[in-house]
Amino acid sequence: MARMQYLHVCVFFFSFSGHSLDHRSTFSSALWLPGTGCPVLGCGAKFCRNKSDLRSHWLEKHEEITTYYHCAVCTSLSFKRKSNLMKHIRCKHRENVTECLGKVEFQSNPEFIDPGGLWQPGLGCPVPGCSANVIRQAIHLKIHWTEKHEEIVAKYHCSACLFYTKRKSNLFQHFRLKHGNDISQAVGKVEYQHNREFQDPYPYTLDEVLGRLQA
C-alpha cells in the first residue's frame, strides 16, 4: 500500500518577482492529504486537488492579511492571485508583462476564517483510534495528551507515604486530605518511565492540535 503523503501547510513559502511572502499565521496548521477538503474546522472548502490548490485557498481564506496585485493599465482592477493578474495582462493588453505590473497592496482579509487548530473545546481527541470522545477544555486536552500520547511519563511519589500518581494535582489533593494543607513538601521522588498506555499520535503534535488555543 502506498504511504500517505502529508503536507505541513505552515511551512509554505512563496516568492513573486523577488518579493517574498511567507505565511503570517501564528499557528501550526493541520496535516493535509491531497484530494481532501480544507482541514480548518468550519471551512466550507471540501476539495483541494493538490498543494497548489491548498496554497491558493489558504492565502485567500486563512490569512488575516491578504495581498492584492494591481494592473498598471487598468488602475481600478486588482487580483488576489498573481497568476490571475498575469492571465489578465496577456489577454487584455498583450504588452510587456513587466510594464503592466502595478502596485502590490496588503489589506485586512474580509473573508478571513480563523484556522485555529485541529481541536476545539467539546470535541474529542483527533488522534486516530483514540477513545477520548469529549474534551471540554484545553487544559484537559494537555493532561490527556501527556497521559496517552507521550512515550515517557512522570510518576509523582508522596513524600509522606507510599501513594503515587501521574498527576501532580492529584498528589497535592492527596497530601491536603491525608497529611495537612502545606503542600510545599508534598512531592517526594519523581520517576520517569515508559508509558504503558501510550498511543502514537502520528502525524499530529500537541502544538498542531491546539493551534491558537494555546496562546
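Descriptive notes on the structure:
- Test for GLU147: is it under 30 Å from PRO39 (Cα atoms), in the same structural domain as ASP207 (by TED's automatic domain parsing) and either in contact (Cβ under 8 Å) with a residue 24 or more places away in the chain or touching a Gly at 6+ places or on another chain (Cβ under 8 Å) (or both): yes
- The single condition from (1) in the same structural domain as ASP200 (by TED's automatic domain parsing); (2) farther than 30 Å from PRO39 by Cβ; (3) outside any strand (DSSP E or B) that TYR156 fails is (3).
The values are calculated or read from the model by the stated rules, or taken from the named source; none is laboratory data. None of the values given here were measured: they were computed from a predicted structure. Methodologically, a virtual Cβ is constructed for each residue, glycine included, from the backbone with ideal geometry; neighbour enumeration extends over all protein chains shown.
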